[in-house]
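Let me begin by presenting the structure, written as structure tokens, before commenting on it.
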Amino acid sequence: MSKAQYVMALDQGTTSSRAILFDREGRVRASASLEFRQHYPRPGWVEHDAEEIWSSQKETAEKVLAQARAQAAEIAAVAITNQRETVVLWERATGKPVYHAIVWQCRRTAEMCDRIRQEGFDRTLRERTGLVTDAYFSGTKIAWLLGNVPDARRRAEGGELAAGTIDTWLIWNLTRGRVHATDVSNASRTLLFNIRTLCWDEEILRYFGIPASLLPEVKASSSVFGETKLFGDGLAIAGVAGDQQASLFGHQCFSRGSTKNTYGTGLFLLMNAGEKIPPSESGLIATVGWQRNGRTTYALEGSAFVAGAAIQWLRDELKLIGSAEETEAVARSVPDSGGIYFVPAFVGLGAPHWDAYARGTIVGLTRGTSRAHLVRAAIEAMAFQTRELIEAMSTDSGNRPDALRVDGGAARNDFLCQFQADILGIPVERPATTETTALGAAYLGGLATGFWENEDELGQQRRLARRFEPQMNEARREELYAGWHRAVARAKGWARGL
Ligand code: ADP
């Protein structure tokens with residue numbers, strides 16, 4: 001048996017870079033985290049300094065190795081999971097970025113997306129990439145960089161530049177520029193990747209004026225990407241996936257129909273769709289989950305923009321609560337929401353509504369409405385939004401999950417988990433480890449390097465902290481959900497002035 005005892009996962013998120021050492025049982029043995037700066041050069045624009053992303057990530061890796069007193073020989077693999085869609089453009093010769101990283105949240109290409117829709121190319125994009133035409137995805141961000149950074153287009157065409165999502169940027173730095181690669185799950189978020197052929201799509205690249213030589217080689221998520229010598233002896237870089245796909249893998253959603261939900265600032269619901277590209281009529285996104293052992297697993301994805309952010313709003317703007325944790329006790333202090341609904345459509349509504357003009361709405365207020373009712377309604381809204389996404393997924397996939405696996409900051413709230421089970425009528429499962437995303441990347445890396453044998457071995461490690469069984473009767477469940485629909489109808493189109 002090899003000396004390897006750990007897999008190191010690098011979890012490069014939107015606000016912090018983290019590194020975690022997992023042992024053979026999938027337990028966290030060391031972890032380190034560093035925040036980095038957010039740059040908002042104009043309203044709606046969001047950037048990161050790519051060099052700061054790399055230096056913070058490298059430092060966390062060094063920290064966890066020191067914490068565990070681990071030698072390089074004890075690390076079976078370095079795995080990577082990352083904020084998705086964010087892009088970096090850099091000089092091949094020096095490895096220096098030519099501009100800040102443009103972050104997934106950045107809206108600078110919203111007008112470019114309007115033009116694409118006017119030209120009708122959004123249909124081609126949808127068909128080939130599984131995505132909707134939105135500034136969120138990487139393709140238009142790369143096109144913007146080539147069109148706006150002085151000399152970038154000429155230099156890109158001359159092969160002097162390289163582009164990539166954050167996984168690619170980390171791999172480049174870990175290998176000191178020897179490897180320019182990404183994995184299929186990250187590639188599938190760029191709007192440039194054909195999820196049928198699993199190649200960069202030439203026609204799309206032509207449309208955006210992006211030279212193919214700028215883009216990384218695309219590899220299986222669970223495979224060896226290269227070697228890093230930055231931490232002593234050579235370490236295999238193996239296991240790469242975008243954060244939400246890594247979380248799906250970390251929850252062990254290996255079978256078709258199994259589903260996870262992450263309750264953070266927003267909601268991210270992903271369902272394993274099996275080995276065929278799932279059609280979506282309900283405004284969901286088809287994406288690559290992962291590729292392993294020559295097989296590609298697809299996923300259906302739906303998200304709500306505002307989930308835990310509504311709790312932050314109650315805390316920071318309305319000052320109704322002192323902390324997010326407090327919401328649990330406050331919600332429990334009343335038997336129900338007193339008939340009120342809170343639709344947190346602060347920035348419009350995503351799937352399945354796609355209404356950019358919807359706005360936040362609270363309906364059903366009476367003289368008896370209290371702070372506790374409002375807090376409770378904000379938590380219940382996360383569960384209702386999740387049910388809408390689950391319904392859309394069930395329609396599109398023909399599969400209804402038999403349980404929902406959950407993670408993210410707000411999943412710590414027992415009241416939310418119970419109410420979610422009640423509103424869905426299926427159990428909600430919360431794993432013992434809260435590091436599902438990093439664990440998913442570690443699994444992909446550990447499987448690629450033989451640290452773990454197969455999914456069955458991982459299955460033996462799965463530990464639930466708690467399973468919430470539905471307790472509400474069907475009539476009540478449907479009555480509450482019908483009320484949510486009526487509330488959403490009132491939130492829609494508000495900013496259009498109708
Ligand atoms: P992100 O990764 O999007 O930054 P996290 O997964 O860290 O988010 O979750 C943070 C979000 O969860 C915040 O919006 C916060 O309001 C919410 N949150 C955290 N704890 C709770 C709780 N106990 N109950 C309800 N919401 C919570």
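Rule-based calculations on the coordinates, nothing more; no lab input. Small disclaimer: the values here were computed from a predicted structure and weren't measured. When we count neighbours, we look across all protein chains shown, and the Cβ atoms used for this are built from the backbone with ideal geometry, even at glycine.
Starting from the Cα of N293, move 7 Å in the Cα-to-Cβ direction to define the label point; list residues of the stretch 443-479 whose amide nitrogen is under 17 Å from there.
Of the residues in the stretch 443-479, 443-461 have backbone N under 17 Å from the label point off N293.
Would you mind working out the magnitude of the charge dipole of the chain relative to its Cα centre, with +1 at each Lys and Arg C-beta and -1 at each Asp and Glu C-beta, to the nearest 20 Debye?
The dipole magnitude comes to about 480 debye.
Output needed: percent of Cα pairs per 10 Å distance bin for the chain, bins running from 0 to the one holding the longest distance.
4, 20, 30, 27, 15, 4, 0
Would you please give the residues with an amide H less than 5 Å from that of T133, counting only those at least 5 places away or on a separate chain, with H modeled from the backbone geometry?
Under 5 Å from the amide H of T133 lies no amide H from a residue far enough along the sequence or on another chain.
Could you give each residue of the stretch 360-377 its phi-based ³J(HN,Hα) in whole Hz, using Karplus coefficients 6.51, -1.76, 1.60 with θ = phi - 60°, and x for Gly or Pro?
Calculated HN-Hα couplings, in order: x, 9, 10, 10, x, 5, 9, 4, x, 5, 10, 3, 5, 4, 5, 4, 4, 5 Hz.
If r is the Cβ-Cβ distance from S255 to L34 and R0 is 45 Å, what FRET efficiency results, to the nearest 0.05?
Once the sixth-power term is evaluated, E becomes 0.80.
Starting from the Cα of A212, step 7 Å along the direction of its Cβ; do the same at D402; then give the gap between the two resulting points in nm.
4.5
From the phi angles alone, apply the Karplus equation (6.51, -1.76, 1.60; θ = phi - 60°) to the stretch 155-166 and give each ³J(HN,Hα) in whole Hz, x where the residue is Gly or Pro.
5, 5, 5, x, x, 7, 10, 10, 10, x, 7, 5
Using modelled backbone amide H atoms (1.01 Å from N, in-plane), which distant-in-sequence or interchain residues come within less than 5 Å of A30's amide H?
Placed amide hydrogens put L21 under 5 Å from A30.
Residue by residue through the stretch 300-312, what is 3J(HN,Hα) from phi via Karplus (6.51 cos²θ - 1.76 cosθ + 1.60, θ = phi - 60°)? Round to whole Hz and write x for glycine and proline.
Each residue's phi maps through the Karplus curve to give 9, 10, x, 9, 10, 5, 10, 9, x, 4, 5, 5, 4 Hz.
Using r as the Cβ-Cβ distance of E52 and A72, and R0 as 25 Å, what FRET efficiency do you calculate, to the nearest 0.05?
The formula returns an efficiency of 0.50 here.
Roughly speaking, what is the centre-to-centre gap between the stretch 407-439 and the stretch 279-294 when only Cα atoms are used, to the nearest Å?
When both Cα centres are located, 23 Å separates them.
What net charge do the residues around A345 carry, taking every other residue with its C-beta under 11 Å from that of A345, with Lys and Arg at +1 and Asp and Glu at -1? Each step should come with its number before you reach the end.
On the way: positive: R359, R490, K492; negative: D355.
Taking every Cβ under 11 Å from that of A345, the sum is +2.
Largest first and in whole Å, give the semi-axes of the stretch 6-243's equivalent ellipsoid, each being the square root of 5 times a Cα gyration tensor eigenvalue.
Its equivalent ellipsoid spans semi-axes of 31, 18, 17 Å.
For the stretch 365-459, state which trypsin sites (Lys or Arg not before Pro) are in a DSSP loop and have at most 16 other beta carbons lying within 10 Å of their beta carbon.
Sites meeting the loop and neighbour criteria: R367.
Which trypsin sites (Lys or Arg not before Pro) does the stretch 168-275 hold that lie in a coil by DSSP with at most 14 other beta carbons within 10 Å?
R176, R178, R196, K229
Determine, for the chain, the count of lysine pairs separated by eight or more sequence positions (or lying on different chains) whose alpha-carbon distance falls under 28 Å.
Lysine pair count for the chain: 20.
Given the chain, what percent of its DSSP beta bridges are antiparallel, to the nearest 5?
75
For I80, what residues show an amide H to amide H distance below 5 Å, using hydrogens built from the backbone and excluding near sequence neighbours?
Those lying under 5 Å, H to H, from I80 are L10, V240, A241.
In the stretch 265-318, what trypsin sites (Lys or Arg not before Pro) fall in a loop by DSSP, with at most 14 other Cβ atoms inside 10 Å?
Qualifying residues, ordered by number: K276.
What's the FRET efficiency of L365 with S333 using the Cβ-Cβ distance as r and R₀ = 30 Å, to the nearest 0.05?
About 0.95, to the nearest 0.05.
Just to confirm the number: angle between the C-alpha axis of helix 414-424 and the first principal axis of the chain, 0 to 90 degrees, nearest 10?
Roughly 80 degrees between the two axes.
What does the charge add up to near A392, with Lys and Arg as +1, Asp and Glu as -1, over the other residues with Cβ less than 12 Å from its Cβ?
-3
Counting each DSSP H run of 4 or more residues in the chain as -39500 (n - 2.57), what helix-only mean residue ellipticity at 222 nm follows after dividing by all residues, to the nearest 500 deg cm²/dmol?
Roughly -10000 deg cm²/dmol at 222 nm, from the helical runs in the chain.
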